Amino acid sequence: MFAIYNNGSVGFRSTADNLYNLKNVDKPSEIVLKPEEGFIQDFTNAQKEQKGNINQSAINKYKKMANIDTSEPVYHVKDIMTRDCVIVDKNASILDAYNLLKENKVSQLPVVSFGKKIVGLIDKKIILNLMMEDVVNSENIVLKEIDDIYLPELITVDPVSDIRRVAKVMIDFKLDAIPVVDEEDILLGIVSKTDIIKAISSLPRLQLWS
C-alpha cells in the first residue's frame, strides 16, 4: 500500500496499480515559501480521486505483467528498512536541516510533526533551490522554519509492502528513498536504494524485475 502526502495531508492511499494511474505525480513540485511569509504564488494540489479497491482479476493481471513468481518467498519493506533514520522536526530551521544532512552524510531527511507524523522529505537540492529564489535574502531564508515552506508531494509505503513493488515504484518515479509509515501516518523508518541493493545481495532468492 502506498500513500501520497502534501505537507502532512494525505491525498491518496491505495495500491501500486492506482498509484500509476495518478497523473503528473512524478513531476517535481516547485519549492516556495508559503504566501503568509511574503511570497505570493499559486499552489495547486491536483490529485485524482481514487475509486475502490481493485478486483482480483486486476491483481492477477498485474502480477503477470510484473512477472512476479508467487511461489517465491515474499520479503516486506519492514525486513530491510532503516528503522533508526535521522529525522528533522517541521519547526526546525532550514539551516538545521542542512546541518543534519551534512553531519549525518545522508541524502534526505524525513520531516515530521508531533508524534513522528510524516510531513515530507527535505534534501540539499530543495534548500538550494529555495535560496536561489531570492539570493539577496538567502541568509534570512535559511533561518526560517521548515514549516514555512511548501515541500514536494511525498510518496510513502506501509511496512508490509512487497520489496519488489517498492523497488519498481522507486525506479519508475525516480525516488532515492521512500519513508515507511503506518496507517496513522507515523514514521517507522525509511527504505533507500542502498537498502534495496543490500537486500538483493543478502536475502536468499529475492527476485526483482528489470
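The values are calculated or read from the model by the stated rules, or taken from the named source; none is laboratory data. These numbers come from a predicted model, not from an experiment. So basically every Cβ, Gly included, is an ideal-geometry build from the backbone, and we count neighbours across all protein chains shown. When the accessible area is computed, the model is the full protein with side chains, heavy atoms only, and any ligands, DNA or RNA have been set aside. Shrake-Rupley method; radii C 1.70, N 1.55, O 1.52, S 1.80 Å.
Some values worked out for this structure:
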quantity	calculated
Single residue of the stretch 100-118 satisfying the filter (under 17 Å from L143 (Cα atoms) and either surrounded by 14 or more Cβ atoms within 10 Å (Cβ to Cβ) or among the aromatic types (F, W, Y) (or both)) that is nearest to the chain's Cα centre (by Cα)	V111
Unmet requirement for L130, which otherwise passes all of (1) within 21 Å of A97 (Cα to Cα); (2) touching a Leu at 6+ places or on another chain (Cβ under 6 Å)	(2)
Failed item in (1) modelled with pLDDT of 95 or more; (2) open to solvent by 80 Å² or more (accessible area, probe 1.4 Å); (3) over 21 Å from D195 (Cα atoms), with D96 passing the rest	(2)
Residue within the stretch 132-142 that is at pLDDT 90 or above, farther than 22 Å from G189 by Cβ and in a loop (DSSP other than H, G, I, E, B) present	yes
Any hit, the stretch 184-199, residues being within 21 Å of I87 (Cβ to Cβ), part of a loop (DSSP other than H, G, I, E, B) and open to solvent by 20 Å² or more (accessible area, probe 1.4 Å)	yes
Subset of the stretch 124-149 (residues that are touching a residue at least 24 places away in the same chain (Cβ under 8 Å), aliphatic (A, V, I, L, M) and open to solvent by 70 Å² or more (accessible area, probe 1.4 Å))	L143
Scan of the stretch 5-22 for residues that are more than 12 Å from D185 (Cβ to Cβ) and of a type in the set (A, V, I, L, M), ordered by number	A16, L19, L22
The stretch 100-122 residues that are farther than 16 Å from P152 by Cα, paired with ones that are open to solvent by 80 Å² or more (accessible area, probe 1.4 Å) (beta carbon under 6 Å, 6 or more apart)	L101/K124
Condition broken by L121, with the remaining ones in (1) part of a helix (DSSP H, G or I); (2) at pLDDT 90 or above; (3) open to solvent by 20 Å² or more (accessible area, probe 1.4 Å) satisfied	(1)
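Yes/no per residue for (1) in contact (Cβ under 8 Å) with a residue 12 or more places away in the chain; (2) open to solvent by less than 50 Å² (accessible area, probe 1.4 Å); (3) aliphatic (A, V, I, L, M):
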| site | (1), (2), (3) |
| --- | --- |
| E153 | yes, no, no |
| S161 | yes, yes, no |
| I171 | no, no, yes |
| I178 | yes, yes, yes |
| V181 | yes, yes, yes |
